[in-house]
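Structure record follows, encoded as structure tokens.
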Amino acid sequence: MSNNPDTTALGIDLGGTKILTAVADAQGKMLSRDHSITPAKGGPDAVIKSILDSMSRVLTQAGITADSLAAIGIGAPGLSNPETGILYTSPNLPGWKDVPLRDIIEKEMGKKAFLINDANAAAIGELYFGAGRGARNLIYVTISTGIGGGIIIDGEIYAGATGMAGELGHMVIDDEGPVCNCGNRGCWEILASGTALAREARKRIKAGTRTSILDYAGGDTEKVTAEVIHKAAQADDNLARELITRTGYYVGVGLANLINIFNPEIIVIGGGLSHIGNMLLEPAYEEARKRAFRQAYDVVRFAHPELGRDSGVLGAAAFALKEMERSGKLS
Ligand SMILES: [Zn+2]
């Protein structure tokens, strides 16, 4: 086990339901890892206390103190600014408004900390240690209840002017489409996420379409989820298959936009909905092929994340090390 203080960082992947922390070295090797439930309903105070507890456990497990860390990287959901370290809002963390999360962690731990969007952290994790190793231009897309993402251009995460870049889920696909949580119409995530799939299924069931989807949801339309629809589709339910293909179509429209704009070598597609696999992804790739420029489509490789749940936590740690290196504080 390497305890080299210059190359060890603590990564935090803060989610709406779970907190993951890990001590990792510059090669992405984990020295320790901790997993706990996010007390989201308790607001920022309860959540921050849980993060600090988890950090203390993960350091003990690694047999080191905060002093021997190079830095701390925090991946957090929602809108944040890496420059100021402030988490503005987060749809999965009720009560969070303009929380100076980076400074709080820095003060408590006495260690330099860095804040980054969780999907951007996952993109970095996959670039350095996962499916994107060796790539220079990578797009990471996570499709679950919403759609998030991270853009890597020429080996660097693209943060934009104020750290807000990479909100892939809110590119407009259909300007007359359903209203998104952000207030716009027809965003990618309101058409191609798990939430979108479940919403369409409920609509069709209420309109009287014959389907076994409801049986898998115990007869309760409110319990119709992407998972339930996938189960029905595996049992050859026509509506379930049609809706998954339709969702795949919308995934593909968004992918075509990304391919035409960024000409990436690799697009890593993760998140709960991607576990449906080919039934969703084949129509997505097919639609992307039809819509993207052929020369750009031909070079892109589609991949699954290789780090599973750890892309975010490893990416947050790697981001912290990279930022230290950039500022000349790491040799
Ligand atoms: Zn939106």
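Taken together, the values in this text are just the output of simple stated rules run on the coordinates, not laboratory data. The structure presented is a predicted model; accordingly, all values stated were derived computationally and were not measured. FYI the Cβ positions are ideal-geometry reconstructions off the backbone, even for glycines, and counts take in every protein chain you see.
Can you tell me what share of the DSSP beta bridges in segment 1-160 is antiparallel? A percent to the nearest 5 is fine.
Within segment 1-160, antiparallel bridges account for around 70 percent of the total.
Could you tell me which residue out of ILE267, ALA292, THR247 lies farthest along the dipole of the chain toward its positive end? Charges go on the beta carbon: Lys and Arg +1, Asp and Glu -1, centred on the Cα centre.
In the chain, that residue is THR247.
Tell me the relative contact order for segment 207-316 as a rounded percent, counting alpha carbon contacts under 8 Å between residues six or more apart.
In percent, rounded to a whole number, it is 25.
What list of ³J(HN,Hα) couplings, whole Hz, do you get for segment 120-126 from phi and the Karplus terms 6.51, -1.76, 1.60, once you set θ to phi - 60° and write x for glycine and proline?
So the J values, rounded to whole Hz, are 5, 4, 5, 4, 5, x, 5.
Over the Cα atoms of the chain, how large are the radius of gyration and the largest Cα-Cα distance (Dmax), in Å?
Cα radius of gyration and Dmax of the chain are 20.4, 66 Å respectively.
Work from the charge dipole of the chain (Cβ charges, +1 for Lys and Arg, -1 for Asp and Glu, about the Cα centre) and give the residue of SER50, THR89, VAL224 farthest towards its positive end.
VAL224
How would segment 92-202 be classified by its alpha-carbon gyration tensor: rounded, prolate or oblate, with rounded meaning a/c under 1.5 and the a/b versus b/c comparison settling the rest?
Verdict is oblate for segment 92-202.
Which shape class applies to segment 36-155: rounded if a/c is under 1.5, otherwise prolate when a/b exceeds b/c and oblate if not, where a ≥ b ≥ c are the square roots of the Cα gyration tensor eigenvalues?
Taking the square roots of the gyration eigenvalues as a ≥ b ≥ c, segment 36-155 is oblate.
With the cut-off at 19 Å, report for segment 20-97 the share of all Cα pairs above it, as a whole percent.
43
Which ³J(HN,Hα) values in Hz, rounded to whole numbers, follow from the phi angles of segment 261-268 under the Karplus curve 6.51 cos²θ - 1.76 cosθ + 1.60, where θ = phi - 60° and Gly and Pro get x?
Per-residue couplings from phi come out as 7, 9, 6, x, 6, 9, 10, 9 Hz.
Rounded, prolate or oblate: pick one for segment 195-234, where a ≥ b ≥ c are the square roots of the eigenvalues of its C-alpha gyration tensor, a/c under 1.5 means rounded, and failing that, prolate if a/b is larger than b/c, else oblate.
Verdict is rounded for segment 195-234.
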